[in-house]
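Heads up, the thing below is written out as structure tokens.
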Amino acid sequence: MERFWSKVDKRGDDECWPWLGSKRKKGHGLFRFEGKTRSAHAVALFLSGKCPRRGRTLALHSCDNPPCCNPSHLRWGTRHDNIRDMVERHRGHAMAGDANPSSKLGKDIVLAIFELRHRQGEWGARAELGRQFGVSYSTISDIWKGYSWSSVTGLTCTRIKHIKVLALTS
Ligand SMILES: [Zn+2]
């Protein structure tokens with residue numbers, strides 16, 4: 001895959017290898033591979049010989065640098081793993097002692113939790129996510145129902161019904 005690696009600025013083994021081709025807004029590289037436009041870092045990981053296992057099909061950065069295509073900075077994981085990484089990074093940035101529990105979560109994390117709202121009906125999902133993020137299960141509930149962070153999630157009361165229907169039929 002010369003064509004692929006020619007678009008990667010390969011540096012030292014431990015350094016980030018930036019993607020030189022076209023990119024998404026957040027900086028992830030784009031590359032057409034096997035008939036589809038895919039994330040360049042995912043292609044890098046795939047070409048390095050590591051195959052994604054079932055359910056673990058997201059290529060995650062350990063370096064938090066979206067354009068990086070160094071396979072040693074990448075691993076396959078789930079959406080959950082991705083959120084856990086974000087939370088850990090966020091904890092690293094955020095200052096402790098905030099009075100409002102939901103403000104512990106940043107916008108990105110709220111959106112990631114919101115993406116998991118199809119798990120609303122799952123017993124224990126809120127508690128599990130709450131533990132993961134260090135907030136109460138009701139904080140997770142509130143995000144899913146649009147009671148908090150609705151400016152971020154865009155969820156309004158009229159859309160709650162719609163989401164419940166989707167959850168039931170999926
Ligand atoms: Zn990197």
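When residues in segment 27-70 are screened for being basic (Lys, Arg) and either within 16 Å of the ligand (Cβ to nearest atom) or in a helix (DSSP H, G or I) (or both), 1 of them pass.
Taking into account only those residues within segment 71-90 that are away from the ligand (no atom under 16 Å from the Cβ) and basic (Lys, Arg), which is nearest to Gly29 (Cα to Cα)? It comes out as Arg79. Within segment 25-36, the set of residues being at pLDDT 90 or above, surrounded by fewer than 17 Cβ atoms within 10 Å (Cβ to Cβ) and on the phi < 0 side of the Ramachandran plot comprises Leu30, Arg32.
For the criterion of being under 30 Å from Val8 (Cα atoms), in a helix (DSSP H, G or I) and modelled with pLDDT under 80, His162 fails.
Restricted to segment 86-102, and to residues that are exposed (fewer than 12 other Cβ atoms within 10 Å of the Cβ) and closer than 16 Å to Thr139 by Cβ, which residue is modelled with the highest pLDDT? Taking the candidates together, the pick is Asn100.
The values are calculated or read from the model by the stated rules, or taken from the named source; none is laboratory data. All values derive from a computational prediction rather than experimental measurement. Glycine also receives a Cβ, built like all others from the backbone with ideal geometry; neighbour counts cover every protein chain displayed.
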